[in-house]
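Notes follow once the structure below has been shown.
The values are calculated or read from the model by the stated rules, or taken from the named source; none is laboratory data. Predicted model, so just to flag it, every value in this text is computed and none were measured. Glycine gets a Cβ as well: all are built from the backbone with ideal geometry, and neighbour counts include every protein chain shown. Just so you know, the surface numbers come from the protein's heavy atoms only, side chains and all, with ligands and any DNA or RNA stripped out. Shrake-Rupley method; radii C 1.70, N 1.55, O 1.52, S 1.80 Å.
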Amino acid sequence: MPQGTHREYTISAQVPADLVYRNGGPKTITATSIVTNLAGPDARPADNTTTSDTRVIAKADVRITDARATSPLELLIGEPATASLEVTVANAGPSSPIDTLLTTTAGA
């Protein structure tokens, strides 16, 4: 590379969808770049290495795609009973969800 010139490079990394989940929260990944002078001694070798940190966070798109009562479909007022609800949840990603909580409320 001639003196006074510069080059820029883009580095892409593939991060597993569950990286933040497995880490228990956001994770910082570090990229290190090193340039070597193959033509002879370098007058300033201290500036030949650099690092860059990137904080990886989770971004999930969790949604309920279906919900239906499975049994019983009728309850008697004033009588104790148990009702079952079947819920289908989907995640459109790109990350695995870390903390997902489903709550329900019965109403008339």
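Things worth noting here:
- Amide H contacts of residue 56 (H built 1.01 Å from N, under 5 Å, at least 5 apart or other chain): 27, 28, 29
- For the chain, the solvent-accessible area of protein heavy atoms averages 89 Å² per residue (probe radius 1.4 Å; ligands and nucleic acids excluded).
- Nonlocal amide H pairs with residue 89, under 5 Å, H built at 1.01 Å: 65
- Protein accessible area in the chain, 1.4 Å probe - carbon and sulfur %: 52 percent
- In order along the stretch 26-42, phi translates into HN-Hα couplings of x, 10, 9, 10, 10, 10, 10, 10, 10, 10, 10, 8, 8, 8, x, x, 9 Hz, rounded to whole numbers, per the Karplus curve 6.51 cos²θ - 1.76 cosθ + 1.60 with θ = phi - 60° and x for Gly and Pro.
- Top positive-direction residue, dipole computed over the stretch 5-82 with Cβ charges, set 10, 62, 40: 40
- Here the Karplus curve 6.51 cos²θ - 1.76 cosθ + 1.60, taken at θ = phi - 60°, turns the phi angles of the stretch 46-51 into couplings of 5, 9, 8, 10, 8, 10 Hz, with x standing for Gly and Pro.
- Karplus-derived HN-Hα couplings along the stretch 6-14 (A = 6.51, B = -1.76, C = 1.60, θ = phi - 60°), whole Hz, x at Gly and Pro: 9, 10, 10, 10, 10, 10, 10, 10, 9
- Of the trypsin sites (Lys or Arg not before Pro) found in the stretch 18-108, the ones in coil according to DSSP and having at most 15 other Cβ atoms within 10 Å of their Cβ are 59.
- Stretchable slack from residue 62 to residue 74, in nm (0.36 nm times residue separation minus alpha-carbon distance): 1.3 nm
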